[in-house]
């Protein structure tokens, strides 16, 4: 029987990829079903729909479809890796709600829908009894980001007659105030200095794997790519401020991670530092920097979710009091987890043989081209992050063999296949990067096209006077 | 692709393929036996050695080509920037390729017996293959971009082998220390490559090193010197070398007696035409080499264990190699490297049995062997001798300077920032604890495993 043509149309596929997870979340909220199976099926449906969407999308505008596929795959992998004790209806429901919201944010071209997706993605993490952290800062950070974003969208909507992102392109709607509010929203959501502390708190006291998914939706970078760059093209003197803040965050958090001993917090700090580079690459407005940022987005997402997954598996097997202050010698108990951990760590910090090497190479070239002096801080931050990740690996996995554990299993088959897929992605991507870089380079044309020609050759830093002049120009 | 080009590609890829096959078999649950692993290793490096010999036969023939170049286009490319994938075998890279292939095979055969029934047998050989792939890639590459990839692979395998005896904390901590120094110095290489792309439009050297003038040449040379000094343990980065002796003796032999320690010199040899344009940079290379040679010979005399003494003896020679490169004596440096690498490898591999030989000799003659000759340092005033001894015993205080000047400063900064992060949190358990991530105290290089 032939498949109806309407099933291959973008609206249906997009709707299916979003609605199926939400529907599954609703089922889990009402009925007591085997949560992992329902979650896997829903995420798989999203993966299939996103893959078809990517397949059908024109090559020059496939960025958001690729991101949808990435996040669907990450969610599927996360649900597979999730330990049995965490695999409750509530957790899987929260993850599926996050999946649907994130895909909605990636796919929409409507400001109000984007705002709704932004808020919905945070809902499970706002309630302490659901997926929320046990400290106040994550709640504060997420709420402030939502508030700033809602104000920005409200201002843009009231000042212009449309809520379509495409129609508003290049118009600087809402002026400098809307631009500032969007930047504030990005700062809070992404954990850019001075709002960096909530990320480590969320990872340290919240559920590890769902929090990793929340952080790797990269809503901050999405707003930069989807709203700030296309809507505010004349911010060539103001926009670098966000880049400077991102680079400063990368260094600040990298230094902070050097002395951290709580594995979850350490990993969150390194992930934050590395993901701050994405913003810097997007802002560089060079072909290398933009493509590097998008590829880095992929690398950071896969590595970070994988690493948090491994960390959670270790906690479940060997106790939740893991620390990086002494050698725990877990490699002898879990050698495959150790190998997965070291490969994903190396990918995260850009060592060769992994896709991270290519993304770091492109990012460093982009950042140094647009900001020769501040760009130098990027490789320095990456070097410090590499030391932190290697320290975490050596402290967790190397050292004297420990005894007294009740469970000493290495990666289970379902965990092994999920993690191996992530490792294969970063390793094969590293060996044959052009397959991914080419796609992403084409995909980034949506970002690059938003850049006016006068901006692409700018020299970098702007003084206070030029910043003020630009601010006035935008506000007009 | 002609035969010579195919051989060059095969030589570089063979250890990588062997690594991938062995690693994949372990990942799917099959652990190959020691016999299989050593056979694969022997065949791989025998093939590589034959391949390098064939390349040498082609290039050194009276009417042979000056070099064998294989161009695969770009590894990846975005806009105007591309990462060139070029392999080259010329008169400079050939000796290094031969050294890497032959010594890796030799070390593989030696280790098959030396590490027999060691729990990490397979791990060692996996890392040996990966190291050989990285070093062959670094020596056979036709661009600094690709050199950086091989360079990093050599670095990470080196660190993982230092931490080979993972149950003891000292090797693991020393591995971390070495990793930190490698990563810090590699920043120089990455920024230098960016500068070459930015100013010269390329970082390839298959048609000669990209030439720059004036201040630009100086900047690139200094950045490359930073990377080379880190990898070759030159002053002020020499402190990591004795720490690296914690690894198994065969890996110490090939890394710190032969290949890895000379990779920095190879980098400078590749950049030598650029280096020659700047008297300042050349002078600095000579100065670094001289300081390292003096440092190495002094500290080596105060070292108590065999491997550390050998490490400093190697370092002294590498310092002299740097002087030769700085002075423009390129081929003397190449010959020097070949001699030093082979002799040191032999000495490292002999070190454990040499101790047994000495003990047997002492037992046979009933006492210790009488010292022969006089030491030059005895000619110095006694006060200066003591001062020099103290200086040499603490290895030039380089580790102390690094600890106090960089590591402690970074840890304090980290602790200070952590305080800011914890404002408003009542939990005492979340207070920052200033636990040094990298061992600050204690001496390294006591192992002779």
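The values are calculated or read from the model by the stated rules, or taken from the named source; none is laboratory data. If you're wondering where the values come from, they're calculated on a predicted model, not measured in any experiment. We place every Cβ from the backbone using ideal geometry, glycine too, and count neighbours over all the protein chains shown.
Just wondering, is there one or more residues in segment B:294-303 that are buried (at least 19 other Cβ atoms within 10 Å of the Cβ), within 13 Å of residue B:222 (Cα to Cα) and under 19 Å from the mean Cα position of the chain (by Cα)? Within segment B:294-303 (the criterion being buried (at least 19 other Cβ atoms within 10 Å of the Cβ), within 13 Å of residue B:222 (Cα to Cα) and under 19 Å from the mean Cα position of the chain (by Cα)), the answer is no, since none of the residues qualifies.
Within segment A:134-152, the set of residues being surrounded by fewer than 20 Cβ atoms within 10 Å (Cβ to Cβ) and part of a loop (DSSP other than H, G, I, E, B) comprises A:134 only.
Among the residues of this structure, residue A:120 does not count as one that is assigned to a helix (DSSP H, G or I), under 18 Å from the mean Cα position of the chain (by Cα), in the same structural domain as residue A:19 (by TED's automatic domain parsing) and closer than 26 Å to residue A:29 by Cα. Flag: residue B:132 matches the condition of being assigned to a helix (DSSP H, G or I), touching a helix residue (DSSP H, G or I) at 6+ places or on another chain (Cβ under 8 Å) and away from chain A (no Cβ under 13 Å). One residue stands out among those in segment A:330-352 that are more than 7 Å from chain B (Cβ to nearest Cβ) and at pLDDT below 90: the one that is surrounded by the most Cβ atoms within 10 Å (Cβ to Cβ), which is A:333. Considering segment B:346-425, the qualifying helices (runs of 4 or more DSSP H), each wholly inside and each with 1 or more residues that are away from chain A (no Cβ under 14 Å), under 25 Å from the mean Cα position of the chain (by Cα) and modelled with pLDDT of 90 or more, run over B:382-393, B:398-402.
On the given criteria, is residue B:85 part of a strand (DSSP E or B) and more than 28 Å from residue B:177 (Cβ to Cβ)? The answer is yes for residue B:85.
Just one of (1) crowded, with 24+ Cβ neighbours inside 10 Å; (2) in contact with a helix residue (DSSP H, G or I) (Cβ under 6 Å, 6 or more places away or on another chain) fails for residue A:238. It is (1). For segment A:384-440, which positions are facing chain B (nearest Cβ under 9 Å), at pLDDT below 80 and not in a helix (DSSP H, G or I)? The answer is A:401, and nothing else. Note on segment B:69-122: residues that are within 14 Å of chain A (Cβ to nearest Cβ), surrounded by 17 or more Cβ atoms within 10 Å (Cβ to Cβ) and within 30 Å of residue B:32 (Cα to Cα) amount to 2.
Only one entry of B:180, B:150 meets the criterion of being part of a helix (DSSP H, G or I), closer than 18 Å to residue A:431 by Cβ and facing chain A (nearest Cβ under 9 Å), and that entry is B:150. Taking segment B:4-36 as the range and being surrounded by fewer than 20 Cβ atoms within 10 Å (Cβ to Cβ), in contact (Cβ under 8 Å) with a residue 40 or more places away in the chain, part of a helix (DSSP H, G or I) and within 14 Å of another protein chain (Cβ to nearest Cβ) as the test, the residues that pass are B:13, B:23, B:26. Within segment B:37-57, identify whether any single residue is touching a strand residue (DSSP E or B) at 6+ places or on another chain (Cβ under 6 Å), more than 30 Å from residue A:295 (Cβ to Cβ) and surrounded by fewer than 22 Cβ atoms within 10 Å (Cβ to Cβ), and answer yes or no. No, that holds for no residue.
Considering each residue of segment A:257-267 in turn, at least one proves to be away from chain B (no Cβ under 13 Å) and either within 30 Å of residue B:419 (Cβ to Cβ) or touching a helix residue (DSSP H, G or I) at 6+ places or on another chain (Cβ under 8 Å) (or both). Applying the condition of being over 23 Å from the mean Cα position of the chain (by Cα) and within 11 Å of chain B (Cβ to nearest Cβ) to segment A:273-327 and asking which residue is nearest to residue A:245 (Cα to Cα) yields A:324.
Return the total of residues in segment A:158-179 being assigned to a helix (DSSP H, G or I) and either on the phi < 0 side of the Ramachandran plot or outside the structural domain of residue A:231 (by TED's automatic domain parsing) (or both). Residues flagged as assigned to a helix (DSSP H, G or I) and either on the phi < 0 side of the Ramachandran plot or outside the structural domain of residue A:231 (by TED's automatic domain parsing) (or both) within segment A:158-179 amount to 10. Here residue B:158 meets each of (1) more than 21 Å from residue A:381 (Cα to Cα); (2) in a helix (DSSP H, G or I); (3) in contact with a helix residue (DSSP H, G or I) (Cβ under 6 Å, 6 or more places away or on another chain); (4) within 11 Å of chain A (Cβ to nearest Cβ) with one exception, condition (4). Quick check: is even one residue across segment B:163-181 without any contact (Cβ under 8 Å) to a residue 24 or more places away in the chain and under 21 Å from residue B:99 (Cβ atoms)? No, because not a single residue in segment B:163-181 is without any contact (Cβ under 8 Å) to a residue 24 or more places away in the chain and under 21 Å from residue B:99 (Cβ atoms).
Residue-by-condition table, conditions (1) touching a strand residue (DSSP E or B) at 6+ places or on another chain (Cβ under 6 Å); (2) more than 24 Å from residue B:178 (Cα to Cα); (3) modelled with pLDDT under 95:
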position	(1), (2), (3)
B:263	no, no, no
B:267	no, no, no
B:272	no, yes, yes
B:278	no, yes, yes
B:285	no, no, no
B:302	no, no, yes
B:316	no, no, no
B:322	no, no, no
B:325	no, yes, no
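Restricting to segment A:89-108, give me the number of residues that are over 18 Å from the mean Cα position of the chain (by Cα) and either assigned by TED's automatic domain parsing to the domain that holds residue A:299 or closer than 15 Å to residue A:308 by Cβ (or both).
Total satisfying the criteria: 1.
Scanning segment A:353-376 for residues that are buried (at least 24 other Cβ atoms within 10 Å of the Cβ) and assigned to a loop (DSSP other than H, G, I, E, B) yields one hit, A:354.
Set side by side, the residues A:131, A:182, A:155 differ, and just one is in contact (Cβ under 8 Å) with a residue 12 or more places away in the chain, in a helix (DSSP H, G or I), over 15 Å from residue A:219 (Cα atoms) and in contact with a helix residue (DSSP H, G or I) (Cβ under 9 Å, 6 or more places away or on another chain), which is A:155. Listed by position, the helices (runs of 4 or more DSSP H) enclosed by segment B:185-286 that each have at least 1 residues that are closer than 30 Å to residue B:126 by Cα and either under 14 Å from the mean Cα position of the chain (by Cα) or away from every other protein chain (no Cβ under 14 Å) (or both) are B:214-231, B:240-243, B:249-252, B:260-270.
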